[in-house]
Amino acid sequence: MRYILTLLLGAIIGGALVWFFFLGAPRMKPVAGTPVRAPEPGGDPPGTAVLTLDEQFFATLLGTMFKDLDAPTFKLAALDPSDPFALDGARILRTQGGGCQNQLVIAPEGSGVQTGVRLQDGRINVPLAFNGSRDIPFLGCQQFRGAAQANIQLNFDAAAQTLSGRINVEGVNVENVAPAFSGLVTQFVQNAIDQRVNPLTILRGQQLGLSIPMQNSNGTVRARARDVRSEVKDGKLHLHVTYDFGGVRGASDAPPASTPPAS
């Protein structure tokens, strides 16, 4: 009986520590717009442009980011040991101290995983390697590393002319954490991403819209995105953007002609 009680107590304490490992009670931020659907089976409507991106594009993008910029870093709220049962994120925040960085850093690779984008099985899959540190009550500053399996769900907000995404974490493997607690760790990594990252802006109005000067027609043809569809096929992401077109007389977005140098 004593052995069983010891196991139960260890499980409860371990679960509580994992519960506080990241941010506490999960709270999801809403993502504006509607989920992006697959293209119509009968084909795209008139006025549709297709933007195609492959895995090599994302590999070059991420490689440049890791080479020329800082690795993505997300601060984790420090926990107040005087209030160990406060699950409300507003009550567990305190001033970071003790030299612990309390952060999660996305790494180019680690734990047998290379961070990247995999376009397969009709989805945008995102394996993530990470490391960081966490100030845990009664244990002090704990270093951690691991890998996460995630995917991105696209949303389009026609009013704001914004294509955004929500990162959904499907599983997390943190080294030196018992597999029994992997579900809790997954939930709190998702919580950290929801509070610090989601929604992820992918394309804004200036990048989605079109403005084509027609110098000989005294105006400009402008296009506003009405709908966005997406499909992952043959290792590529295809974005189908359907536009509403309109002409504006007298407007021109063309830069002024340069004055020739005086002879």
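The values are calculated or read from the model by the stated rules, or taken from the named source; none is laboratory data. Owing to the predicted nature of the structure, the values given are computational and were not obtained by experimental measurement. Positions of Cβ are backbone-derived with ideal geometry, glycine not excepted, and every protein chain shown enters the neighbour counts. We work out accessible area using only protein heavy atoms, side chains counted, and drop any ligands, DNA or RNA first. Shrake-Rupley method; radii C 1.70, N 1.55, O 1.52, S 1.80 Å.
Among the candidates 186, 242, single out the residue that is modelled with pLDDT of 90 or more, open to solvent by less than 40 Å² (accessible area, probe 1.4 Å) and of a type in the set (S, T, N, Q).
242
Kindly indicate the residue of segment 98-128 that is in a loop (DSSP other than H, G, I, E, B) and under 19 Å from the mean Cα position of the chain (by Cα) and also surrounded by the fewest Cβ atoms within 10 Å (Cβ to Cβ) among those meeting that condition.
Per the stated criteria, the residue is 122.
Could you run through segment 191-223 and say how many residues are open to solvent by 40 Å² or more (accessible area, probe 1.4 Å) and in contact with a Gly (Cβ under 6 Å, 6 or more places away or on another chain)?
Number satisfying all stated conditions: 4.
Report whether or not residue 32 is modelled with pLDDT under 90, farther than 30 Å from residue 139 by Cβ and either surrounded by 14 or more Cβ atoms within 10 Å (Cβ to Cβ) or hydrophobic (A, V, I, L, M, F, W, C) (or both).
For residue 32, the condition - modelled with pLDDT under 90, farther than 30 Å from residue 139 by Cβ and either surrounded by 14 or more Cβ atoms within 10 Å (Cβ to Cβ) or hydrophobic (A, V, I, L, M, F, W, C) (or both) - is met.
Just name the residue that is modelled with the lowest pLDDT out of those in segment 189-232 that are small (Gly, Ala, Ser) and in contact with a Ser or Thr (Cβ under 9 Å, 6 or more places away or on another chain).
Among residues in segment 189-232 that are small (Gly, Ala, Ser) and in contact with a Ser or Thr (Cβ under 9 Å, 6 or more places away or on another chain), the one modelled with the lowest pLDDT is 205.
Quickly run through segment 109-138 and pick out the residues that are hydrophobic (A, V, I, L, M, F, W, C) and in contact with a Leu (Cβ under 7 Å, 6 or more places away or on another chain).
Matches in segment 109-138: 119, 124, 130, 136.
Residues 148, 160: which one is in contact (Cβ under 8 Å) with a residue 40 or more places away in the chain, surrounded by fewer than 16 Cβ atoms within 10 Å (Cβ to Cβ), touching a helix residue (DSSP H, G or I) at 6+ places or on another chain (Cβ under 8 Å) and within 30 Å of residue 240 (Cβ to Cβ)?
Answer to the check: 160.
Go through (1) in contact (Cβ under 8 Å) with a residue 40 or more places away in the chain; (2) outside any loop (DSSP other than H, G, I, E, B); (3) not acidic (Asp, Glu) and name the single condition residue 56 misses.
For residue 56, the failing item is (1).
Within segment 126-146, how many residues turn out to be within 30 Å of residue 52 (Cα to Cα) and out of contact with any Asp or Glu (no Cβ under 9 Å at 6 or more places or on another chain)?
4
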